[in-house]
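Undergrad: Take a look at this one; I'll ask things after.
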Amino acid sequence: MLNAVMNKFKKFITFFVFALFFTIIGYEYPIIIDNSKKYFKYQLKKVGFIDSFINKTSDIEKLNSPIKDNVDSNFNEVPGNSFSLKYKKIMYIDDRTSGFFVSDDSKNNSFEIYLQEGIVIKTKNSAEELSLPLSITFEKNGGVKSVFKINKNVFLLVSNKKNFNCYYSSIYNLTKKKIYFHLNVYQIMKI
């Protein structure tokens, strides 16, 4: 009886020491915990249990229902040398953009706005998270830096992070979900 109690007490003390150790490590080095959470959320999104591994769902919902007070209903005019440009604000976005595409259909003008945080707004009230690679980082103003299209394939210039201090950029094909090219600081220094 005494041995059983002592074994349970030893297990409890061992568990308590490990829990205390990992709590202190997680507090002192939060990047370890953040990378683990990011990987776990990425796998959950891949399986389909969650919708977003980068952005909060509330951020995407906020973009889906834009505030009408900030939208201007009048046309503004900017005079040029031989022409005048008239524009009207149809949507207010308080984030950084990385790409803007307009396709002129015969019935309506549709557009795509790509945000640096990994969100695409395809029409006026339809925002969704992009399918980004796991290595993407938003530290030091990273994220989706630029967007371009070639033959109906969408390519992103993204900021990535390999380990604690190894940042690099890559060209990511959003259509095929594949990284085609990446360049880190050490390759640039050799040039």
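Undergrad: What is the gain in length, in nm to one decimal, between residue 74 and residue 46 on full extension, counting 0.36 nm per residue of separation less the C-alpha to C-alpha distance?
TA: Length gained, residue 74 through residue 46: 5.7 nm.
Undergrad: Next up: Along the charge dipole of region 1-50, pointing to its positive end and built from +1/-1 on Cβ of Lys, Arg, Asp and Glu, which listed residue (17, 39, 4) has its Cα farthest out?
TA: Farthest towards the positive end: 39.
Undergrad: Under the rule of at least 5 residues apart or a separate chain, name every residue whose amide H is placed under 5 Å from the amide H of residue 175.
TA: Excluding prolines and chain starts, which carry no amide H, the hits are 154.
Undergrad: For region 128-134, what does the Karplus curve 6.51 cos²θ - 1.76 cosθ + 1.60, with θ = phi - 60°, yield as ³J(HN,Hα) per residue in whole Hz, taken in order and with x for Gly and Pro?
TA: With the stated coefficients, region 128-134 comes to 8, 7, 6, 8, 9, x, 5 Hz.
Undergrad: Tell me which chymotrypsin sites (Phe, Trp or Tyr not before Pro) from region 141-176 have a DSSP coil assignment and no more than 13 other beta carbons within 10 Å of their own.
TA: Listed in order of number, the matching sites are 164.
Undergrad: If you don't mind, there's one more thing I want to ask. By per-residue mean of other Cβ atoms within 10 Å, what is the highest-first order of 131-138, 80-87?
TA: 131-138, 80-87
Undergrad: Which pairs, out of 89/152; 122/162; 45/176; 10/38; 89/176; 46/178, put more than 23 Å between their alpha-carbon atoms?
TA: 89/152; 122/162; 10/38; 89/176
Where a number appears in this text, it was derived from the coordinates with a stated rule and is not lab data. Since the model is a prediction, treat every value here as computed from it, not as a measurement. When we count neighbours, we look across all protein chains shown, and the Cβ atoms used for this are built from the backbone with ideal geometry, even at glycine.
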